[in-house]
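Taking it in order: structure first as structure tokens, then the write-up.
The values are calculated or read from the model by the stated rules, or taken from the named source; none is laboratory data. These numbers were taken from a predicted model, which means no experiment stands behind them. Glycine also receives a Cβ, built like all others from the backbone with ideal geometry; neighbour counts cover every protein chain displayed.
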Amino acid sequence: MGSPAIGICAAIERVSWGVWREYEVLLAPRKYVAQVQRAGGLGIVLPPDEAAVEDPDLLLDRVDGLMLAGGADIDPASYGAEARPETTATWPERDRFEIALARRALARDMPVLGICRGMQLLNVALGGTLDQHLPDSVGNEVHRTVAGTFGEHHVRLEPGSLANAAAGKESFVVRSHHHQGVERVGEGLRVSGWSAEDDLVEAIELPEKRFVLGVIWHPEEDPESRVIAALVEATGGT
């Protein structure tokens, strides 16, 4: 089969660089691609595309696995809720695109990994809902500390779960930065990881599929993490 191709969903952001100000770009953190490459895969960044919303196979036919990456808050309209004041800078076109890709990838039994926002998107794609501002629910800021930095906290994973197999351990310190999380769990998903500090949902998976995993932390920030490599390996290409 050769090197498997992993489609990494791109974020839409307004950025400034050089002489350019408030310029809309499509981007993906380099560390996602680097970990895919380190595991023997090819990282292919997928931009939101309305044609692929209508026919996700236009893109999915070109990749072997799908990574739902981090980024901005998901539009609460995607799960039938009104936006709270803390929910800002949403990109509904990205939500539509990724929900369509995720649902079709699941139907095709493609390996899927959701990271941070991607875990939340996976939950929404399966009919779940989100807690729009965790500090009000859990009473702490452990999951998002200082703007522009990753906080650290402990997670525990269910022994024998896919999350446990992918991470290679049951309890460890992770890096995270998010203020939203899973509220109602999507259809068929099983919770398999929790924050040691407050029991927040940290990992979800779909047992009936060969590899469908969502983690709220950022494994790409840990050079020793095996989570992204597990996605590549699940394609059968290495």
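What pairs come out if I take residues in segment 89-114 that are without any contact (Cβ under 8 Å) to a residue 24 or more places away in the chain and pair them with residues that are among the small types (G, A, S) whose C-beta lies under 8 Å away, six or more apart or interchain?
A89/A72; T90/A72; T90/A83; P92/A77; P92/S78
Just checking, how many residues over segment 115-130 are on the phi < 0 side of the Ramachandran plot and either of a type in the set (F, W, Y) or assigned to a loop (DSSP other than H, G, I, E, B) (or both)? Steps first, please.
In the first step, residues of segment 115-130 are kept if they are on the phi < 0 side of the Ramachandran plot; the result is 115, 117-126, 128-130.
Next, only the ones that are either of a type in the set (F, W, Y) or assigned to a loop (DSSP other than H, G, I, E, B) (or both) stay: 126, 128-129.
Adding up the residues that qualify gives 3.
If Y23 satisfies every condition in (1) farther than 27 Å from G181 by Cα; (2) in contact with an Asp or Glu (Cβ under 8 Å, 6 or more places away or on another chain); (3) surrounded by fewer than 21 Cβ atoms within 10 Å (Cβ to Cβ) but one, which is the exception?
Among (1) farther than 27 Å from G181 by Cα; (2) in contact with an Asp or Glu (Cβ under 8 Å, 6 or more places away or on another chain); (3) surrounded by fewer than 21 Cβ atoms within 10 Å (Cβ to Cβ), the lone unmet condition for Y23 is (2).
With the condition kept exactly as written, say whether any residue in segment 147-156 is assigned to a loop (DSSP other than H, G, I, E, B) and either aliphatic (A, V, I, L, M) or at pLDDT 95 or above (or both).
Yes; the residues of segment 147-156 include at least one that is assigned to a loop (DSSP other than H, G, I, E, B) and either aliphatic (A, V, I, L, M) or at pLDDT 95 or above (or both).
Name the residues in segment 38-58 that are in contact with a strand residue (DSSP E or B) (Cβ under 6 Å, 6 or more places away or on another chain) and free of Cβ contacts under 8 Å to residues at least 60 places away in the same chain, would you?
L42, G43, I44, V45, L46, P47
For every residue, the table says whether it meets (1) aliphatic (A, V, I, L, M); (2) touching a Lys or Arg at 6+ places or on another chain (Cβ under 6 Å); (3) more than 19 Å from Y32 (Cα to Cα); (4) not in a loop (DSSP other than H, G, I, E, B).
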{"position": "L66", "(1), (2), (3), (4)": "yes, no, no, yes"}
{"position": "A72", "(1), (2), (3), (4)": "yes, no, no, no"}
{"position": "E82", "(1), (2), (3), (4)": "no, no, yes, no"}
{"position": "P85", "(1), (2), (3), (4)": "no, no, yes, no"}
{"position": "F97", "(1), (2), (3), (4)": "no, no, yes, yes"}
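A77: out of contact with any strand residue (DSSP E or B) (no Cβ under 8 Å at 6 or more places or on another chain), in a loop (DSSP other than H, G, I, E, B), surrounded by fewer than 14 Cβ atoms within 10 Å (Cβ to Cβ) and aliphatic (A, V, I, L, M), yes or no?
Judged against the criteria, A77 is not a match.
So that you can scan it fast, the table gives a plain yes or no per residue for (1) modelled with pLDDT under 95; (2) charged (D, E, K, R); (3) part of a strand (DSSP E or B):
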| site | (1), (2), (3) |
| --- | --- |
| G40 | no, no, no |
| V45 | no, no, yes |
| V53 | no, no, no |
| A89 | yes, no, no |
| L113 | no, no, yes |
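Can you name the residue in segment 164-187 that is at pLDDT 95 or above and in contact with a helix residue (DSSP H, G or I) (Cβ under 9 Å, 6 or more places away or on another chain) and is also surrounded by the fewest Cβ atoms within 10 Å (Cβ to Cβ) among such residues?
Restricting to residues being at pLDDT 95 or above and in contact with a helix residue (DSSP H, G or I) (Cβ under 9 Å, 6 or more places away or on another chain), the top hit is R184.
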